[in-house]
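Notes follow once the structure below has been shown.
The values are calculated or read from the model by the stated rules, or taken from the named source; none is laboratory data. On a predicted model such as this, the values are computed, not experimentally measured, just so you know. Cβ atoms come from the backbone with ideal geometry, glycine included; neighbour counts cover every protein chain shown.
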Amino acid sequence: RFRNVTGVQTCALPILLKALLFDVDGTLADTERDGHRPAFNAAFREFGLDWDWDVPLYGELLAVTGGKERMKYYLERFRPDYVKPDNFEAMIAELHKAKTRHYTQLLADGGIPLRPGVERLLREARAAGLILGVATTTTPENVTALLRHSLAEDGADWFAVIAAGDIVPAKKPAPDIYVWALQQLGLSPEECLAFEDSENGIRSSRGAGLKTVVTINDYTRDHEFTGALAVLTDLGEAATPYQRLDVAGQGERGMVDVARLRDWHAR
Ligand code: XBP
Ligand code: MG
């Protein structure tokens, strides 16, 4: 209960949870190490470049989101002697197209499963009438390929909005991609929850005003997740529950389902 400006006592209505917004890479599936990384390397080989991103180096490169942006960052930071050709921007764009081709092929070959609990939660949320959305920096066709090959033939249709890639110029950690997704849905951030796996991701979702559940992975376990609703090992399954890692709920185990999300959202 609180008093409004006229001094009349009113009841604050709880805001209903209406939508779940998911990051893709690292959150829906562990796509970075064994998906994007080898796809970049395959594109570099195809173009006759001696660039090769091993697992630890790729972890450092993940500081920058977006594949084109990441390649430029690599050259600046790790190949300072590299002399850019006149057609540098076009070359990066072509390289990135090749990388997307390799990556979507890898997904079509059934290369990357969804993370634990993801398919279960998506099915349950849909059945409960929650709206689903995606907010990611990766290329749109990568998202639809993952949903099609690792979720269901019509997986992309489960999502009311797929906000992806260059649709906003400022990628995560900027909040723009989440703001764009919310605008498309006509929802306020208070009506939604976001799911992220990385520091850049939660900076973006929190920047857009979204309460955020974090599921960590090998590349992100040491990231800073200040302001997260909960930090979990994964979404959990009945037989293999998540473990909660944030101080508020340390040691808690369980399975993220709609009831639990409604409870966290209401707090
Ligand atoms: C994902 C990314 C993307 C992918 C590569 O970050 O940073 O750049 O690594 O995809 P997030 P593209 O999970 O925070 O959205 O090459 O298509 O950009
Ligand atoms: Mg991510």
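The table below gives the values:
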quantity: All helices (runs of 4 or more DSSP H) inside segment 103-190 with 2 or more residues being of a type in the set (Lys, Arg); calculated: 118-127
quantity: Complete set of residues in segment 217-226 that are surrounded by 13 or more Cβ atoms within 10 Å (Cβ to Cβ) and within 23 Å of LEU17 (Cα to Cα); calculated: PHE225
quantity: Any hit, segment 204-212, residues being out of contact with any helix residue (DSSP H, G or I) (no Cβ under 6 Å at 6 or more places or on another chain), part of a strand (DSSP E or B) and within 15 Å of ligand 2 (Cβ to nearest atom); calculated: no
quantity: Those residues of segment 82-128 which are hydroxyl-bearing (Ser, Thr, Tyr) and under 16 Å from GLY155 (Cα atoms), in sequence order; calculated: THR104
quantity: Count - residues of segment 167-203 that are away from ligand 2 (no atom under 13 Å from the Cβ) and either modelled with pLDDT under 95 or among the hydroxyl-bearing types (Ser, Thr, Tyr) (or both); calculated: 2
quantity: Within segment 233-267, tally of residues that are under 15 Å from LEU193 (Cα atoms) and surrounded by 13 or more Cβ atoms within 10 Å (Cβ to Cβ); calculated: 9
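A quick yes/no check of all residues on (1) surrounded by 15 or more Cβ atoms within 10 Å (Cβ to Cβ); (2) within 16 Å of ligand 2 (Cβ to nearest atom); (3) small (Gly, Ala, Ser):
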| residue | (1), (2), (3) |
| --- | --- |
| TYR82 | no, no, no |
| GLU89 | no, no, no |
| THR100 | yes, no, no |
| GLU153 | no, no, no |
| ALA164 | yes, yes, yes |
